[in-house]
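Novice: Please find one structure pasted underneath; my questions will follow.
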Amino acid sequence: MTQIRRARVLCVSLLLTLLCGAPALVSCSTDEQAVAPAKKEYFKSWNQSEALTALKEYVEDVTNPSSPNYIVADDRIATFDMDGTFVGELYPTYFEYNLLEYRVLDDPSYRDKAPEDVRQVAQNIRDFVRNGVALPAHFDMLHARAAAKAYAGMTLSEFDAYVKAYGTRPANGFTGMTYGESFYQPMLEVFDYLKDNGFTSYVVSGSDRFICRALVEPIGIEPNRVIGMDVRLVSSQQGEEAGVNYTMGREEDLIRTDSLLIKNLKTNKVLQITQEIGKVPVLSFGNSSGDVSMHNFCLSNEHRSAAFMLVADDDVRDHANREKALKLATQWHEAGFHVISMKDDFLTIYGQGVKKVDFTF
């Protein structure tokens with residue numbers, strides 16, 4: 001072999017060695033094919049449906065830079081109600097109602113200390129849950145004021161621990177699930193899909209802000225993206241002195257008071273979104289009349305926007321009033337909202353291993 005030929009063979013050998021050391025660029029085996037990264041699969045818990053198609057078409061349109069409806073990432077704001085929208089509320093009532101009933105009527109550390117008006121609200125909840133007695137008119141406000149009193153004096157860390165401890169209890173009316181695990185799996189996939197498409201999602205709930213923060217922590221919703229009912233807070237040594245006059249020390253805690261600031265329902269949701277986010281959402285998700293104002297606010301956006309209402313029409317896998325749900329579905333359609341049917345659109349609600357059973361008391 002001539003010297004020139006030996007040099008050429010050596011060069012080819014070195015080139016193959018280098019290429020085989022960089023498999024991302026080329027495969028050195030004729031039996032192997034380059035494997036493209038797997039495309040992420042969304043909506044595994046959904047059936048194909050009109051609402052899901054509408055959501056995907058909307059997102060694809062407003063995230064396409066070539067579309068006249070393109071929305072920059074900073075303006076891709078999505079707001080979600082919590083109870084009944086992505087967290088269960090039919091066991092047999094809201095988490096925060098169940099929590100108040102427990103604290104006032106069953107918790108040995110508090111039940112003998114509860115004021116009479118707070119005890120009456122807790123009894124209203126118990127009578128509704130156990131005997132089907134209708135709740136008094138404007139009960140959302142009665143509950144909010146009672147809850148403010150029932151947890152007054154707790155530090156924020158104590159209250160967070162209290163909520164999370166109750167969340168470990170088995171969810172009434174189900175096996176295989178605690179209260180803290182009662183997320184609608186298909187809706188969690190919506191959060192994931194929106195995040196990957198540049199949306200920022202906020203929880204905007206009628207429930208106590210700090211209850212919401214404790215519940216959504218496991219699914220990665222940051223505390224500063226949670227808006228809810230609020231009570232007045234004070235520092236632990238502040239007493240009755242106004243915060244504008246008092247200087248908090250480094251060793252102090254923040255304490256809940258019995259003073260209700262706002263019940264975050266209906267138009268109050270719009271006011272709180274405006275004050276805390278400062279932008280009009282382009283996507284809104286809810287399940288009740290308490291969310292209509294938020295939806296209307298969203299649909300007033302100068303950008304292309306969309307609003308979705310979830311209806312609890314599955315009386316096989318959940319504790320639903322199907323007749324009521326179907327009436328609401330018609331109402332929401334007529335209002336211009338996309339309707340998500342739990343029965344038809346959800347392949348699973350709470351995930352595998354969760355089964356609906358009779359309520360226990």
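Only the coordinates and a few stated rules stand behind these numbers; no lab work does. Since the model is a prediction, treat every value here as computed from it, not as a measurement. Positions of Cβ are backbone-derived with ideal geometry, glycine not excepted, and every protein chain shown enters the neighbour counts.
Novice: Give me Ser259, Ser66, Ser45 sorted ascending by neighbouring Cβ count inside 10 Å, so fewest comes first. Working shown, then result.
Specialist: Values: Ser259 14, Ser66 5, Ser45 20.
So the ranking, lowest neighbour count to highest, is Ser66, Ser259, Ser45.
Novice: Pull up the DSSP beta bridges for segment 50-356 and report the antiparallel fraction as a percent, rounded to 5. Please list the in-between numbers first.
Specialist: Details: 10 of 29 bridges.
If we restrict to bridges inside segment 50-356, about 35 percent are antiparallel.
Novice: Identify the residues of segment 171-213 with backbone N under 20 Å of a label point that sits 7 angstrom from the Cα of Val357 along the Cα-to-Cβ direction, or state none.
Specialist: Label zone hits: 171-183.
Novice: Please report Met309, Met248 as a ranked list, fewest other C-beta atoms within 10 angstrom at the top and most at the bottom.
Specialist: Working: Met309 26, Met248 14.
Exposure proxy ranking, most exposed first: Met248, Met309.
Novice: Right, something else. Summarise the long-distance tail of P(r) for the chain by giving the % of C-alpha pairs beyond 25 Å. Walk me through the numbers on the way to the answer.
Specialist: Working: 39591 of 64980 pairs.
Of the Cα pairs, 61 percent sit more than 25 Å apart.
Novice: Another question, if that's okay. Expressed as a whole number of Å, what is the distance separating the alpha-carbon centroids of segment 315-329 and segment 191-218?
Specialist: Each part's Cα centre sits 25 Å from the other's.
Novice: Now a separate question. Taking the Cβ of each residue in Asp117, Asp61 as the centre, tally the other Cβ atoms inside 10 Å and list the residues starting with the fewest. List each step's numbers first, then the result.
Specialist: On the way: Asp117 11, Asp61 14.
Fewest-to-most ranking of Asp117, Asp61: Asp117, Asp61.
Novice: Let me ask another. Along its principal axes, what span do the Cα atoms of segment 212-361 show, with the longest given first and each in whole Å?
Specialist: In descending order, the Cα extents are 56, 47, 26 Å.
Novice: How are the alpha carbon pair distances in segment 92-137 distributed across 10 Å bins from zero to the largest one, expressed in percent?
Specialist: Spelled out bin by bin, segment 92-137 gives 30, 57, 13 percent.
Novice: Set the Förster distance to 22 Å, then compute FRET efficiency between Thr257 and Asp127 from the Cβ-Cβ distance, nearest 0.05.
Specialist: Using R0 = 22 Å, I get an efficiency of 0.20.
Novice: Once the piece of chain linking Asp344 and Asn197 is laid out straight, how much longer is it, given 0.36 nm per residue of separation minus the C-alpha distance between them?
Specialist: On the way: separation 147, 0.36 × 147 = 52.92 nm, distance 2.56 nm.
Residue separation times 0.36 nm, minus the Cα-Cα distance, leaves 50.4 nm.
Novice: Follow-up. Report, largest value first, the span of the C-alpha coordinates of segment 260-302 along each principal axis, in whole Å.
Specialist: 34, 23, 12
Novice: Right, next: Only residues of segment 172-203 count here: report those whose backbone N is under 18 Å from the spot 7 Å along Cα→Cβ of Asp140, or say none.
Specialist: 203
Novice: Next question, about the same structure. Between Leu233 and Thr178, what is the spin-label point distance in nm, taking each point 7 Å from the Cα along the Cα→C-beta axis?
Specialist: With each label placed 7 Å out from Cα toward Cβ, I get 2.5 nm.
Novice: For the chain, what does -39500 (n - 2.57) per DSSP helix run (n ≥ 4), summed and divided by total residues, give at 222 nm, in deg cm²/dmol to the nearest 500?
Specialist: Working: 12 runs with 137 residues, N = 361.
It comes out at -11500 deg cm²/dmol, rounded to the nearest 500.
Novice: Ok, one more. Consider a paramagnetic label point 7 Å from the Cα of Thr267 along Cα→Cβ; state which residues of segment 280-297 have an amide N under 17 Å from it.
Specialist: 289-297
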